[in-house]
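The values are calculated or read from the model by the stated rules, or taken from the named source; none is laboratory data. Since the structure is predicted, the reported quantities are computational estimates derived from the model, not experimental observations. Here the Cβ positions follow ideal geometry from the backbone for every residue, glycine too, while neighbour counts run over all protein chains shown. Calculation scope for accessible area: heavy atoms of the full protein, side chains included, ligands and nucleic acids excluded. Shrake-Rupley method; radii C 1.70, N 1.55, O 1.52, S 1.80 Å.
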Amino acid sequence: MTLAERLRACLSATENAPVPFANDMRRATLGPGTPAAVLIAITDRPEPGLILTQRPDTMRHHAGQVAFPGGRVDPNDADAVAAALREAEEEVELSPAAVELVGTLAPYRTITGFDIVPVLGTIAPDLPLVPHVREVAAVFEVPLGFVLEAANHGTQTVMFEGDERTYIEIMWGQRRIWGATAAMLVNLAARLKW
C-alpha cells in the first residue's frame, strides 16, 4: 500500500469524525469568510515528513510565522485544491504535477476571517523546493509523526482584543508552529489516527 493509499484509507475511516478545532475564535463570525486553501504536503519516505514554510520577518501580515504553503482562492482558481496547488508552486516552486492528491479536510476559520481548506497530498522526498524571495524565508521538513503526536501539542494563552485566547503550539527545535497551522495539524492527527 502506498503512502497516499494509506492516508486515503485513514481519511475514509474517519470521514464523519468531529474535528477538535473548527476555528480559532471564541465566538463564531457570522457569514461567509474569505475562501483560502493550504497544501499539506507529506513526503513519501519510510518516516514521512511534512513540508512547512517560514514567512519573512518583513511581511506585513504573519511575519516570521510557520505555515503551510497556501493563500486566498483567486477568481481564476477552479476550487480550493487548485488554489492550494497554485500557491505551493508560487511559494516554493512545487509543481502541481509532483503532488499526488489524497483529499481535503474540513475547512478551518481563522480569527482574521479566512475559511481555509486544507488539501492533503503526497510528494517525493527531497524535491528541490525553492522559497519565493518575498513570501518565504525558509522551506523545511518536519517528521510527520512528531507533529501528529499529541504529547507534542502544547497550549499557550494570550490576551487578544480584550479577550483571553488559548491556542495550540508545537515546538520543533527552534521552530514554533502555532495558531491556525498547529490547529490544522491537530485536526489532521484526529483524522489520521497515525
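Picking from GLY31, GLY64, which residue would you name as being over 24 Å from ILE170 (Cβ atoms) and modelled with pLDDT under 95?
It is GLY31.
Taking the conditions exactly as written (of a type outside the set (Asp, Glu) and touching a Pro at 6+ places or on another chain (Cβ under 9 Å)), does LEU94 satisfy them or not? Write out each step before concluding.
Values: of a type outside the set (Asp, Glu): yes; touching a Pro at 6+ places or on another chain (Cβ under 9 Å): yes.
In short, yes.
Can you name the number of the only condition in (1) in a helix (DSSP H, G or I); (2) at pLDDT below 95 that ARG86 fails?
(2)
Tell me the residue from VAL99, VAL81, VAL119 that is out of contact with any helix residue (DSSP H, G or I) (no Cβ under 8 Å at 6 or more places or on another chain) and in contact (Cβ under 8 Å) with a residue 24 or more places away in the chain, please.
Of VAL99, VAL81, VAL119, the one residue that is out of contact with any helix residue (DSSP H, G or I) (no Cβ under 8 Å at 6 or more places or on another chain) and in contact (Cβ under 8 Å) with a residue 24 or more places away in the chain is VAL81.
Out of all the residues in region 40-51, is one or more modelled with pLDDT under 90 and over 14 Å from PRO118 (Cβ atoms)?
no
Among the residues of region 177-194 satisfying the criterion of being farther than 21 Å from GLY113 by Cα and either among the acidic types (Asp, Glu) or in contact with a helix residue (DSSP H, G or I) (Cβ under 9 Å, 6 or more places away or on another chain) (or both), which is least open to solvent (accessible area, probe 1.4 Å)?
Out of the qualifying residues, it is LEU192.
Just to verify a result, which residue in region 97-129, among those that are under 15 Å from the mean Cα position of the chain (by Cα), over 20 Å from GLY179 (Cβ atoms) and among the small types (Gly, Ala, Ser), is least open to solvent (accessible area, probe 1.4 Å)?
Of everything passing the filter in region 97-129, GLY121 is least open to solvent (accessible area, probe 1.4 Å).
Could you tell me which numbered condition LEU94 fails, if it satisfies all but one of (1) open to solvent by 40 Å² or more (accessible area, probe 1.4 Å); (2) in a loop (DSSP other than H, G, I, E, B); (3) aliphatic (A, V, I, L, M)?
Only one criterion in (1) open to solvent by 40 Å² or more (accessible area, probe 1.4 Å); (2) in a loop (DSSP other than H, G, I, E, B); (3) aliphatic (A, V, I, L, M) is unmet by LEU94, namely (1).
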